[in-house]
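K.L.:
The structure that follows is given in the form of structure tokens.
The values are calculated or read from the model by the stated rules, or taken from the named source; none is laboratory data. Bear in mind that the values here come from a model prediction, so they are computed numbers and not experimental data. Counting neighbours? That spans all protein chains shown, and the Cβs are built from the backbone with ideal geometry, glycine included.
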Amino acid sequence: MYKYMFKQFLRTNTCKLGLFLVLILGVISISIGKQFLKGQERIGSHVTEKQLEHIQRNVELHSEDIGLLLYYLKFAVISEVSPLAALSIGQKDVNPSVQSVSILTLEGQKYDSDLVNPTKLLFGNLDLSFILLYVFPLLIIAFTFSLKSEEEETGTWRLVRIMSKSRLQFLLAKLSVRVILLLLAMCILFVLAGLILSIPFGMAFLAFFVTGLLYILFWFSLSFWIISLKRNSSFNALALLSIWLTLVVLLPATINNFVVTKYPVPEAFTTNIKQRDGYHQKWDTNKRETMEKFYARYPQFESYGYPPEEGFNWLWYYAMQYLGDEESSKESEMMRTKILQREQMSRKWGQFIPSIHTQLAFNDLANTSLSNHMYYLQYLNDFHEQTRLYFYPKIFSNVNGKEVDWSQFTPGYFSLSSKVNFRQIFLPLIILILIFFGLSLLNMRRESRVY
Amino acid sequence: MLEAKNLSKTFEGTNALVNLNLSVASGEIFCLLGQNGAGKTTTINLFLGLIKPTSGAALINGEEVKPGSNTNQWIAYIPEVVQLYGNLNGLENLDFFSRLAGYKHSKAELSELLIKAGLQEADHTKKLSSYSKGMRQKVGIAIALSKKAEVILMDEPTSGLDPMSTDEFTSICKELAAAGKSIFMATHDIFNAVNVGTRIGIMKEGKLVHSSDTDNISANELQQLYLKTI
């Protein structure tokens, strides 16, 4: 029976066109992912090379005045891009993977990122996660909306009812043909992605695959539930497309709007003002007061004493720079907290909205989520402090720039290897699948008990 | 064996079938005649379990037709227009539906069934969308044969068939009856009813107003009786 169900379905134009389309789009998305990865690799190797040149050139020019040298020098921190990021580019298209910072105030430098092509942002990324989240559900709708109604509308249902032992089994078999074909298409795309993008077969890749699989099964269970309501093809198609539009477009946009309104971030502006004021006002403040604040935070440098009130001094200058960050730290922390609150709120809602949940899970697994970027910024804070603390004594005692071992200043690398929380990722999807599948079975069984 | 006991069906206050009592034993062909809307298809639908009787019972092999009953296992059905899957050929449609009923036949057996139903071998592997109504009807007969059903319900099966196909069909029905099947056929074709049936019934406004054997009645006599009755 299955053989003929496959034959029958594979011979339809809907099936041929649908599978062709999803495979072509899938391959395009993988090649877009490949381009993205290549671009990131190119940036990474370029940064290493340029940083070396940049240090050498400035050391040649300013080695006699290490304070001035460090004023110019920038040190890069690269957020390592997982090969899985090619499947779900996520926030990586707006948040930079490389930040080069000097040891001056950090806050302003954190958001001093690369220029992003706004046209590209407008269209978004056609990565594999997009295909899974947007295209696969549409295909599931096209493949299933008339699963039963087409039998009724073409007149074969009567014969099927009389010939088959169980109507439910017949419909389940028909549904499983479509499930198998679409999962096969998904498997082909994952195998291609694995080979083309050289993704190591690990827990993250496995979790990514299973998340995609569960998301697809969710849409099948939802479609089956609509089918079980025993309406005609037009109703089924309209209902499913409305649900698609709501789950994939309207709700994510509404929730995004809600969290942005609920957690406004004026700190994005005030942090910048505080940091600038914190530093600039020190030019008009007496040096001792500035130095006292600096030594209160870093007593280990107290032995360098207090510079004279008249004239310029690097010790005083770097203390002023530091205080810019220090005085804006509350706002900065507030901003970070609010951004994380936005993320948490989205995750909370996402538990009930599979499209949001799946997108967030993909981004988490690919290390392209907003929280991943927040960890990167935290790492940048630590990197900045370590670098400052390394150079402060050299600046304060005016060591010759040529005496510093610059070879150790290759770009810093940030990578996040978080454990995959299978329960957290899979459970919401599994629950929704069981609910819709259970409701469908109830409706179908109820139908088999009536004429 | 097929049996109706005080079987009635009312649709929104209109009596479609009123206290039908009849039985079709093994080896019998019962032809039910009547005008459009007389209640012939309603009777078939009640035996198929597609609609719920208002009162009384439809029985197949002594078991009442109702949701959850297994009466469908004994029934085969040939409608006026056999609707099959257009993107499968005749052989594939036959194999599909017989597998659906739980029967696995070899390719040779399937071919034999189609030939027995009157479909030429060259047509077996042609796409169903290229089939005429008569050819589809023959696949429908083959499907009914494949199920090895004890009761065969037919709703105007010869409607639209050419005389040769009708003749072939009549022969098949007789063979099936000789093999012990109970056949219940709703038809407008008086000549065919006399030719194929062992018993005939005439239905008017949901009531079986005449029932007799076909042994002592000619087509002309039946026509007169039919016109007088309705």
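K.L.:
Going by what's in this entry, would B:Ser98 be described as touching a His at 6+ places or on another chain (Cβ under 8 Å), in a loop (DSSP other than H, G, I, E, B) and either within 14 Å of chain A (Cβ to nearest Cβ) or under 21 Å from B:Ile29 (Cα atoms) (or both)?
P.N.:
no
K.L.:
What are the residues in the range A:284-315 that are in contact with an Asp or Glu (Cβ under 9 Å, 6 or more places away or on another chain), without any contact (Cβ under 8 Å) to a residue 24 or more places away in the chain and of a type outside the set (Lys, Arg), if any?
P.N.:
Residues satisfying the conditions are A:Asn286, A:Tyr295, A:Tyr306.
K.L.:
A further question follows. Quick one: count up the residues across the range B:101-135 that are away from chain A (no Cβ under 11 Å), within 20 Å of the chain's Cα centre (by Cα) and not β-branched (Val, Ile, Thr).
P.N.:
Qualifying residue count for the region: 10.
K.L.:
Something else about it: Under the condition of being over 18 Å from B:Gly86 (Cα atoms), among the hydroxyl-bearing types (Ser, Thr, Tyr) and in contact (Cβ under 8 Å) with a residue 60 or more places away in the chain, which residue from the range A:142-175 is farthest from the other protein chains (Cβ to nearest Cβ)?
P.N.:
A:Thr144
K.L.:
Let me ask something additional. Would you check which residues across the range B:59-72 are within 10 Å of chain A (Cβ to nearest Cβ) and without any contact (Cβ under 8 Å) to a residue 12 or more places away in the chain and list them?
P.N.:
Once the filter is applied, which keeps residues that are within 10 Å of chain A (Cβ to nearest Cβ) and without any contact (Cβ under 8 Å) to a residue 12 or more places away in the chain, the range B:59-72 yields B:Gly68, B:Asn70.
K.L.:
Confirm whether A:Asp65 is under 28 Å from A:Lys282 (Cβ atoms) and of a type in the set (Asp, Glu).
P.N.:
Considered against the rule, which asks whether it is under 28 Å from A:Lys282 (Cβ atoms) and of a type in the set (Asp, Glu), A:Asp65 comes out as yes.
K.L.:
A further question follows. In the range A:442-450, is there at least one residue being surrounded by fewer than 17 Cβ atoms within 10 Å (Cβ to Cβ) and touching a strand residue (DSSP E or B) at 6+ places or on another chain (Cβ under 8 Å)?
P.N.:
no
K.L.:
Okay, moving on. With the checklist (1) within 14 Å of chain A (Cβ to nearest Cβ); (2) in contact (Cβ under 8 Å) with a residue 60 or more places away in the chain; (3) crowded, with 20+ Cβ neighbours inside 10 Å in hand, flag the one item B:Gly34 doesn't pass.
P.N.:
With respect to (1) within 14 Å of chain A (Cβ to nearest Cβ); (2) in contact (Cβ under 8 Å) with a residue 60 or more places away in the chain; (3) crowded, with 20+ Cβ neighbours inside 10 Å, B:Gly34 is out only on (1).
K.L.:
When you go through A:Phe383, A:Phe301, A:Phe352, A:Phe312 one by one, which is the residue that is touching a strand residue (DSSP E or B) at 6+ places or on another chain (Cβ under 7 Å) and either over 30 Å from A:Phe218 (Cα atoms) or not in a helix (DSSP H, G or I) (or both)?
P.N.:
Result: A:Phe383 is the single residue among A:Phe383, A:Phe301, A:Phe352, A:Phe312 that is touching a strand residue (DSSP E or B) at 6+ places or on another chain (Cβ under 7 Å) and either over 30 Å from A:Phe218 (Cα atoms) or not in a helix (DSSP H, G or I) (or both).
K.L.:
A follow-up question, please. Go through (1) outside any strand (DSSP E or B); (2) away from every other protein chain (no Cβ under 11 Å); (3) among the polar types (S, T, N, Q) for B:Ser8 and report which single condition fails.
P.N.:
The single condition B:Ser8 does not satisfy is (1).
K.L.:
Go through the range A:152-193 and count every residue that is on the phi < 0 side of the Ramachandran plot and in a loop (DSSP other than H, G, I, E, B).
P.N.:
Within the range A:152-193, residues that are on the phi < 0 side of the Ramachandran plot and in a loop (DSSP other than H, G, I, E, B) number 4.
K.L.:
Does A:Gln40 count as within 21 Å of A:Ile131 (Cβ to Cβ) and either modelled with pLDDT under 95 or exposed (fewer than 14 other Cβ atoms within 10 Å of the Cβ) (or both)?
P.N.:
Against the criterion (within 21 Å of A:Ile131 (Cβ to Cβ) and either modelled with pLDDT under 95 or exposed (fewer than 14 other Cβ atoms within 10 Å of the Cβ) (or both)), A:Gln40 qualifies.
K.L.:
Residues being in contact with a helix residue (DSSP H, G or I) (Cβ under 7 Å, 6 or more places away or on another chain) and within 14 Å of chain A (Cβ to nearest Cβ): count how many of those fall in the range B:151-164.
P.N.:
Number of matching residues: 5.
K.L.:
Of these, A:Leu19, A:Leu10, which one is more than 14 Å from every other protein chain (Cβ to nearest Cβ) and not acidic (Asp, Glu)?
P.N.:
None of the others qualify; the one that does is A:Leu19.
K.L.:
Mind checking whether some residue in the range B:218-226 is in contact with a Phe, Trp or Tyr (Cβ under 8 Å, 6 or more places away or on another chain) and among the acidic types (Asp, Glu)?
P.N.:
Checking the range B:218-226: not a single residue is in contact with a Phe, Trp or Tyr (Cβ under 8 Å, 6 or more places away or on another chain) and among the acidic types (Asp, Glu).
K.L.:
Among (1) of a type outside the set (A, V, I, L, M, F, W, C); (2) crowded, with 16+ Cβ neighbours inside 10 Å; (3) over 30 Å from A:Asn286 (Cβ atoms), where does A:Ser332 come up short?
P.N.:
Failed condition: (3).
K.L.:
Restricting to the range B:177-230, what's the tally of residues that are basic (Lys, Arg), out of contact with any strand residue (DSSP E or B) (no Cβ under 8 Å at 6 or more places or on another chain) and surrounded by 14 or more Cβ atoms within 10 Å (Cβ to Cβ)?
P.N.:
0
K.L.:
Name the helices (runs of 4 or more DSSP H) wholly within the range A:230-285 that hold at least 3 residues that are among the β-branched types (Val, Ile, Thr)?
P.N.:
A:251-262, A:267-280
K.L.:
Then there is this: Taking A:Leu365 as the residue in question, decide whether it is buried (at least 20 other Cβ atoms within 10 Å of the Cβ) and either touching a residue at least 12 places away in the same chain (Cβ under 8 Å) or under 17 Å from A:Ile103 (Cβ atoms) (or both).
P.N.:
Yes; evaluated as a whole, the condition is true for this residue.
K.L.:
Now a separate question. Within the range B:74-95, count every residue that is within 8 Å of chain A (Cβ to nearest Cβ), among the aliphatic types (A, V, I, L, M) and outside any loop (DSSP other than H, G, I, E, B).
P.N.:
Final tally of qualifying residues: 2.
K.L.:
A further question follows. Please determine, by comparing only the residues of the range A:45-84 that are out of contact with any Pro (no Cβ under 7 Å at 6 or more places or on another chain) and β-branched (Val, Ile, Thr), which one is surrounded by the most Cβ atoms within 10 Å (Cβ to Cβ).
P.N.:
Of everything passing the filter in the range A:45-84, A:Ile66 is surrounded by the most Cβ atoms within 10 Å (Cβ to Cβ).
K.L.:
Checking B:Lys138 against (1) under 23 Å from A:Glu152 (Cβ atoms); (2) surrounded by 20 or more Cβ atoms within 10 Å (Cβ to Cβ); (3) not hydrophobic (A, V, I, L, M, F, W, C), which test does it fail?
P.N.:
(1)
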